[in-house]
1. Quick check on my filter: what residues within the stretch 155-166 are part of a strand (DSSP E or B) and buried (at least 24 other Cβ atoms within 10 Å of the Cβ)?
2. Would the stretch 64-73 turn up any residue that is farther than 22 Å from Leu151 by Cα, among the hydroxyl-bearing types (Ser, Thr, Tyr) and in a loop (DSSP other than H, G, I, E, B)?
3. Of all residues in the stretch 47-67, how many are closer than 26 Å to Arg87 by Cβ and loosely packed, with under 15 Cβ neighbours inside 10 Å?
4. Being of a type in the set (A, V, I, L, M), under 14 Å from Ser130 (Cβ atoms), within 22 Å of the chain's Cα centre (by Cα) and at pLDDT below 95 narrows it down to one of Leu68, Leu94, Leu31, so name that one.
5. Residue by residue through the stretch 191-241, note down the ones that are free of Cβ contacts under 8 Å to residues at least 12 places away in the same chain and within 13 Å of Cys167 (Cα to Cα).
6. Is it the case, given these coordinates, that Val128 is in contact with a Gly (Cβ under 8 Å, 6 or more places away or on another chain), buried (at least 17 other Cβ atoms within 10 Å of the Cβ) and in contact (Cβ under 8 Å) with a residue 60 or more places away in the chain?
7. Does at least one position in the stretch 114-129 carry a residue that is in contact with a Lys or Arg (Cβ under 6 Å, 6 or more places away or on another chain) and either assigned to a strand (DSSP E or B) or basic (Lys, Arg) (or both)?
8. When only residues in the stretch 197-223 that are at pLDDT below 95 and among the charged types (D, E, K, R) count, which is surrounded by the most Cβ atoms within 10 Å (Cβ to Cβ)?
Amino acid sequence: MMTRPDGRKADALRPVRITPDFIGSADGSALIEVGRTRVVCTATVETRVPPWMKGKGAGWITAEYGMLPAATSERSSRPGPGRVNSRASEISRLIGRALRAGADLAALGENQIIVDCDVLEADGGTRVASITGGWVALARAVRRARKDGRLPAGPEPLTEQIVAVSCGIVDGRPRLDLEYVEDSAAEVDVNVAATAKGRLVEVQVSGEEATFSAEDLARLVAMALKGCRTLARVQARAAKV
């Protein structure tokens, strides 16, 4: 039986904790801790939409992702003027897509919610932790803004809980929720975003200098959905859904 670095079973998550309202000045916020990975997520409600959305009678949810310079063992530089971090941009788009999949944008009215995900410490799975924690921040912000009248009454804007988890094949075996040492050695790397009801939102999969079968992928997705169900329960308690 393969032993993982932290002694977990192959299909076990790292310890997960979500602390809601972590940033008091934000409309909604959460600190998500998955093992040693820690991400602060905040959600800000703006009573406007991007120019290309004006007059459409619907709102928008977008996201921005970034890492503190010391989030990893080797310091990274802060983005400067005119510098584009392509990895951060790609992850930002992923988080935004995932969160919009669980929303009725028309129910937002012409309002925008920006979800910021700032990685304090990275030990694998920062993008999926950002989605899971970002949804809690989003839910808290929507509740607050509907209560104070910034968002319209009527249909609930959030129609689904959205959660996400990583998995992969390491040393020829499928594993759930990879920490960094596993992620860096994975032959196959998968990120799965899904609803709490088990509907897939997005699956990112790549063979890291390896190939994999359809059966491998099906086994990994099934493992990820099991993990998503557990995450959804933690998430619901934090968001008080």
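The values are calculated or read from the model by the stated rules, or taken from the named source; none is laboratory data. Predicted, not measured: the structure shown is a model, and the values here were computed from it. Here the Cβ is made from the backbone with ideal geometry for all residues, glycine too, and neighbour counts use every protein chain on show.
1. Within the stretch 155-166, the first condition is being part of a strand (DSSP E or B), and the residues that meet it are 158, 162-166.
The answer is Ile162, Val163, Ala164, Val165, Ser166.
2. First, the residues of the stretch 64-73 that are farther than 22 Å from Leu151 by Cα: 65-73.
Still in the running and among the hydroxyl-bearing types (Ser, Thr, Tyr): 65, 72-73.
Of the ones still in play, those that are also in a loop (DSSP other than H, G, I, E, B) are 72-73.
Taking every residue of the stretch 64-73 in turn, at least one turns out to be farther than 22 Å from Leu151 by Cα, among the hydroxyl-bearing types (Ser, Thr, Tyr) and in a loop (DSSP other than H, G, I, E, B).
3. Kept after step one, since they are closer than 26 Å to Arg87 by Cβ, are these residues of the stretch 47-67: 50, 52, 60-67.
So of that shortlist, the ones also loosely packed, with under 15 Cβ neighbours inside 10 Å come out as 50, 52.
The qualifying residues number 2.
4. Numbers: Leu94 fails: at pLDDT below 95; Leu31 fails: at pLDDT below 95.
Sole residue among the options that is of a type in the set (A, V, I, L, M), under 14 Å from Ser130 (Cβ atoms), within 22 Å of the chain's Cα centre (by Cα) and at pLDDT below 95: Leu68.
5. Listed by number, the residues that qualify are Ala218, Ala222.
6. Details: in contact with a Gly (Cβ under 8 Å, 6 or more places away or on another chain): no; buried (at least 17 other Cβ atoms within 10 Å of the Cβ): yes; in contact (Cβ under 8 Å) with a residue 60 or more places away in the chain: yes.
So Val128 does not fit the description; no.
7. Our first condition is that a residue be in contact with a Lys or Arg (Cβ under 6 Å, 6 or more places away or on another chain); within the stretch 114-129, this holds for 120-121, 123.
Checking which are either assigned to a strand (DSSP E or B) or basic (Lys, Arg) (or both) leaves us with 120-121.
Within the stretch 114-129, one or more residues are in contact with a Lys or Arg (Cβ under 6 Å, 6 or more places away or on another chain) and either assigned to a strand (DSSP E or B) or basic (Lys, Arg) (or both).
8. Only one residue tops the list, namely Glu208.
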